[in-house]
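Enquirer: Following this message is one structure expressed as C-alpha cells.
The values are calculated or read from the model by the stated rules, or taken from the named source; none is laboratory data. For clarity, every value in this text was computed on a predicted model and none was experimentally measured. We place every Cβ from the backbone using ideal geometry, glycine too, and count neighbours over all the protein chains shown.
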C-alpha cells in the first residue's frame, strides 16, 4: 500500500468519526415513541391474558399497534430528514441498523407466532436479544459508551425471561421497555434540546 492510498483511507476513517461525533446527540424521539407504545401493548396484553381474552384478539391488537407505530416512525423519520442539513455516513448506518432490527423484530413477533415456531412467551426474550445487539452497535456508531452498556440490560433481561417464562413475562417486559428504551430516549432528547440551544 502506497503513502497516498494510506492517507486517503485515514482521511475517510477520520470523516466517519467526525460524522459520528456530530450525530452523537440524536433526538431520542423514536426511542421514546417505541418504548411507550410497546410498553402499553405489553401491559394491555398482560391484562388480556389475565382476563382470558382469546389469543386472536391479542394478536390483532399487536398488529394494529405495530403497523401504526411503523407508519408514525416513518413519518417522523421523513420530517427529521427534511430538517437535517445533510445526512452523515454514520447517520445512514444508524438508520440501516434500526430498520433491519425492526424488520427482524416484526418477523420474530408475527411470523414466529403464526408458524408456531416457538411458544409466544419467548417472543419477548428473542426480541430483547436482538435489541441488545442493536443497542451495542448503535452505541459504537455514536461513540456513546453508556448507550452500549444498555445492551447488557437487554441481554440479562432476555436471559431471565428465557429461564423463567410465564404469565408475568409481559409485565417484566413492559418494565424493561420503560427503563431501557423510554428513559434512555428521554436522556437523548434532553441532550439534543441542550445541544440545539447551544
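Enquirer: For region 44-58, state whether one or more residues are more than 17 Å from the chain's Cα centre (by Cα) and over 21 Å from residue 166 (Cα atoms). Working first, answer last.
Expert: Initial filter on region 44-58 (more than 17 Å from the chain's Cα centre (by Cα)): 44-58.
Retained after the next criterion (residues that are over 21 Å from residue 166 (Cα atoms)): none.
Taking every residue of region 44-58 in turn, none turns out to be more than 17 Å from the chain's Cα centre (by Cα) and over 21 Å from residue 166 (Cα atoms).
Enquirer: Could you tell me whether region 19-28 includes any residue that is part of a helix (DSSP H, G or I), under 30 Å from residue 68 (Cα atoms), under 22 Å from the mean Cα position of the chain (by Cα) and at pLDDT 70 or above?
Expert: Taking every residue of region 19-28 in turn, none turns out to be part of a helix (DSSP H, G or I), under 30 Å from residue 68 (Cα atoms), under 22 Å from the mean Cα position of the chain (by Cα) and at pLDDT 70 or above.
Enquirer: Please state which of the following conditions residue 119 fails to meet, knowing it meets all the rest: (1) closer than 23 Å to residue 185 by Cβ; (2) surrounded by fewer than 17 Cβ atoms within 10 Å (Cβ to Cβ).
Expert: Looking at each condition in turn, residue 119 falls short on (1).
Enquirer: With (1) in contact (Cβ under 8 Å) with a residue 60 or more places away in the chain; (2) buried (at least 17 other Cβ atoms within 10 Å of the Cβ) as the list, and residue 50 as the residue in question, which single condition is left unmet?
Expert: Failed condition: (2).
Enquirer: Can residue 41 be described as modelled with pLDDT of 90 or more and out of contact with any strand residue (DSSP E or B) (no Cβ under 6 Å at 6 or more places or on another chain)?
Expert: yes
Enquirer: Mind checking which pairs have a first residue in region 54-78 that is touching a residue at least 60 places away in the same chain (Cβ under 8 Å) and a second that is assigned to a helix (DSSP H, G or I), Cβ under 8 Å, 6 or more apart or different chains?
Expert: 55/120
Enquirer: Right, something else. Please enumerate the residues belonging to region 173-198 that are surrounded by fewer than 20 Cβ atoms within 10 Å (Cβ to Cβ) and under 21 Å from residue 50 (Cβ atoms).
Expert: 175, 178
Enquirer: Among the residues in region 144-157, are any within 19 Å of residue 109 (Cβ to Cβ), over 14 Å from the mean Cα position of the chain (by Cα) and crowded, with 21+ Cβ neighbours inside 10 Å?
Expert: So far as region 144-157 goes, yes, one or more of its residues are within 19 Å of residue 109 (Cβ to Cβ), over 14 Å from the mean Cα position of the chain (by Cα) and crowded, with 21+ Cβ neighbours inside 10 Å.
Enquirer: Something else: Spot the failing condition for residue 56; the list is (1) under 21 Å from residue 170 (Cα atoms); (2) buried (at least 17 other Cβ atoms within 10 Å of the Cβ); (3) at pLDDT below 90, and only one is missed.
Expert: Against the list (1) under 21 Å from residue 170 (Cα atoms); (2) buried (at least 17 other Cβ atoms within 10 Å of the Cβ); (3) at pLDDT below 90, residue 56 comes up short only on (2).
Enquirer: Go through region 59-85 residue by residue and tally those that are outside any helix (DSSP H, G or I) and surrounded by 10 or more Cβ atoms within 10 Å (Cβ to Cβ).
Expert: Total satisfying the criteria: 1.
Enquirer: Here is a follow-up. So, residue 72, is that one under 17 Å from the mean Cα position of the chain (by Cα), under 28 Å from residue 139 (Cβ atoms) and modelled with pLDDT of 85 or more or not?
Expert: Spelling it out, residue 72 is indeed under 17 Å from the mean Cα position of the chain (by Cα), under 28 Å from residue 139 (Cβ atoms) and modelled with pLDDT of 85 or more.
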